[in-house]
1. Could you grab the pairs with beta carbons closer than 6 Å, sequence gap of 6+ or different chains, first residue in the stretch 185-204 and within 11 Å of Ala164 (Cα to Cα) and free of Cβ contacts under 8 Å to residues at least 60 places away in the same chain, second one of a type outside the set (Val, Ile, Thr) and open to solvent by 10 Å² or more (accessible area, probe 1.4 Å)?
2. Name the single residue that is modelled with the highest pLDDT among those in the stretch 18-35 being loosely packed, with under 12 Cβ neighbours inside 10 Å and part of a helix (DSSP H, G or I).
3. What pairs come out if I take residues in the stretch 109-135 that are hydroxyl-bearing (Ser, Thr, Tyr) and pair them with residues that are buried (at least 18 other Cβ atoms within 10 Å of the Cβ) whose C-beta lies under 6 Å away, six or more apart or interchain?
4. Can you go through Leu124, Leu136, Leu132, Leu120 and tell me which one is among the hydrophobic types (A, V, I, L, M, F, W, C), open to solvent by 20 Å² or more (accessible area, probe 1.4 Å), part of a loop (DSSP other than H, G, I, E, B) and farther than 26 Å from Met207 by Cα?
5. I'd like to verify a number: residues in the stretch 87-102 that are open to solvent by 70 Å² or more (accessible area, probe 1.4 Å), within 11 Å of Arg129 (Cα to Cα) and not basic (Lys, Arg), how many?
6. Any residue at all in the stretch 167-178 that is modelled with pLDDT under 95, in a helix (DSSP H, G or I) and either closer than 28 Å to Ala14 by Cβ or in contact with a Phe, Trp or Tyr (Cβ under 9 Å, 6 or more places away or on another chain) (or both)?
7. Residues to consider are Gly83, Gly104; find the one that is assigned to a loop (DSSP other than H, G, I, E, B) and closer than 17 Å to Leu6 by Cβ.
Amino acid sequence: MDHQILFFDIETRARPEAVAHLPEPTAPAHYKDVDKIAAYIAEKQADQLASAALDPDTGEIVAISMRRYALRADEQTQVYLAGRDGNECDLLRGFWEAFDDAGGYVCGYNIIAFDLPFILRRSLAWGVRPPLIPRLAKYQTGPIIDLYGILFNWTPGKSLKTVAKLYGLPNPLPDLDGSQVAGMDEETLERYAANDVDLCVHLYEMMAGIYFESPGLSADAADDGFPF
């Protein structure tokens, strides 16, 4: 087998114009204290904002990190940011070009349940047609390799950061998580997005040969960067 594998991860945040149309939270009728009412509403609004970032109808992609996996020690994860490398539509077009170049062979963490459905819905919103349509079926080990699904046998499991901690995977950014993405500056977001893909690569290498066959990847599979 001489194909490449495209490791990828997306980072999302709530879209302000969508959040503006969310219903205003109200406190329970038995709340009488003004401060408690205000605190309750503020908490529910924060919950709404966090949930909106995870919903493709109220959220948007602000970063896509990708790494073409090959037997090359110098291979690096590339990160593309909305605002630096274009808008969300540009990120989507670039992702689908890389996805097509990889022949649909991709790997990530929870990509069948989250990343790919989110990308597809945002592609629908922008009118971006993928050149190769992914098959989002569970219980597969290829061409889409969902490390989360495979590791936990397609039942609810643990976060990538928790898995990294449990199995000793190198994680130089243990204090950052997806809930902080909206407040990250560009440099921090780039480092965080790249780290998620690097963690997936380390987890893939640990799982290969145990949960799935380790493919023989060509040494020249990552020869020319990404299409941005």
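1. Correct list of pairs: His202/Leu169.
2. Asp35
3. Close Cβ pairs (under 6 Å, with a partner that is buried (at least 18 other Cβ atoms within 10 Å of the Cβ)) amount to Tyr109/Leu147; Tyr109/Tyr148; Tyr109/Leu160; Tyr109/Cys200; Ser123/Leu92.
4. Just one listed residue meets the conditions, Leu132.
5. 1
6. There is at least one residue in the stretch 167-178 that is modelled with pLDDT under 95, in a helix (DSSP H, G or I) and either closer than 28 Å to Ala14 by Cβ or in contact with a Phe, Trp or Tyr (Cβ under 9 Å, 6 or more places away or on another chain) (or both).
7. Gly104
The values are calculated or read from the model by the stated rules, or taken from the named source; none is laboratory data. Remember, it's a predicted structure, so these values are computed and weren't measured experimentally. With ideal geometry, Cβ positions are generated from the backbone for all residues, glycine too; neighbour counts draw on all protein chains shown. What goes into the accessible areas is simple: the full protein's heavy atoms, side chains included, and nothing from ligands, DNA or RNA. Shrake-Rupley method; radii C 1.70, N 1.55, O 1.52, S 1.80 Å.
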